[in-house]
Amino acid sequence: MIDNRSEPPPYVHIKRNAYLIKKKRDGVIADIGCTHCKSTECSDNCVCRVQCISCSKACRCSDMCSNRPFRRDRKMQVVKTELCGWGVVASESINKGDFIIEYIGEVIDDALCEKRLWDMKYKGVQNFYMCELRKDFTIDATFKGNLSRFLNHSCDPNCKLEKWQVEGETRVGVFAARYIEVGEPLTYDYRFVQFGSEVKCHCGASKCQGYLGSKKKITSKLDISWGSKRKRTSTSCLAIVKSNSF
Ligand SMILES: [Zn+2]
Ligand SMILES: [Zn+2]
Ligand SMILES: [Zn+2]
């Protein structure tokens, strides 16, 4: 199936997650803030930073504190790639650790997630854009989202997904895993759980596994926990397939 369209397939652009489930606030730490931090710029020991909580109004630090991601997307461009369908390239250089863009979509529960997956499988849809964070909390960018949905998979990616708490809300950000130059394709590891037929990987990395993701069944969902002790945990994605055949 060859697609000659010069525009990516349509989706509804949204700026914040659209909740199709009841929005729950996570914990109360976000309300307390890092009151022990004395500087306007929080250090590596900041209690917010070590827990992947964005500093907020409750914190003593200034608006310029670097532990406040999710504020400005980096400049990027959607491009048609040779082998991997649509992709995204950086339009400015990005330093390691920098926030790049939020992974945005509809927040759905497990029942709706499963229903959508089966619907798409039935219709022969090859592109899933789902990121499962925990039970009954999957961000689905299939119908609504932002440019983050066009990032391709790589077995040797330059970005990673991180789960953060921002003002009590769980959000997923794409962060630079290393320094990224202008024009470089932005990629992350989908940690894909296979749903449907095998999808060949064209990431071109020397350590490419050949196929997207593991061969686990969809029932064995990946468990994702919050980061602890300065170690940011990456999120795992469920059944995100942007196959080369679209
Ligand atoms: Zn701070
Ligand atoms: Zn702090
Ligand atoms: Zn703080």
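The values are calculated or read from the model by the stated rules, or taken from the named source; none is laboratory data. Only a predicted model underlies this, so the values are computations on that prediction, with no experimental measurement involved. Positions of Cβ are backbone-derived with ideal geometry, glycine not excepted, and every protein chain shown enters the neighbour counts.
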Item to check | Test: residue in region 78-96 that is surrounded by fewer than 13 Cβ atoms within 10 Å (Cβ to Cβ), at pLDDT below 90, away from ligand 1 (no atom under 16 Å from the Cβ) and of a type outside the set (Val, Ile, Thr) | outcome: yes
Checklist entry - Hey, any hits in region 163-172 for a residue that's within 23 Å of SER54 (Cα to Cα) and either in a loop (DSSP other than H, G, I, E, B) or modelled with pLDDT of 95 or more (or both)? => result yes
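Let's see how each residue does on (1) within 23 Å of the chain's Cα centre (by Cα); (2) within 25 Å of ILE180 (Cβ to Cβ):
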{"residue": "VAL47", "(1), (2)": "no, no"}
{"residue": "SER56", "(1), (2)": "yes, no"}
{"residue": "SER62", "(1), (2)": "no, no"}
{"residue": "ARG68", "(1), (2)": "yes, yes"}
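Residue-by-condition table, conditions (1) of a type in the set (Lys, Arg); (2) in contact with a Lys or Arg (Cβ under 8 Å, 6 or more places away or on another chain); (3) more than 16 Å from ligand 3 (Cβ to nearest atom):
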residue: LEU20; (1), (2), (3): no, no, yes
residue: LYS38; (1), (2), (3): yes, yes, no
residue: SER54; (1), (2), (3): no, yes, no
residue: VAL79; (1), (2), (3): no, no, yes
residue: GLY97; (1), (2), (3): no, no, yes
residue: LYS115; (1), (2), (3): yes, no, yes
Checklist entry - Identify, please: which residue in region 36-63 is within 10 Å of ligand 1 (Cβ to nearest atom) and in contact (Cβ under 8 Å) with a residue 60 or more places away in the chain and is, among those, surrounded by the most Cβ atoms within 10 Å (Cβ to Cβ)? => result ILE53
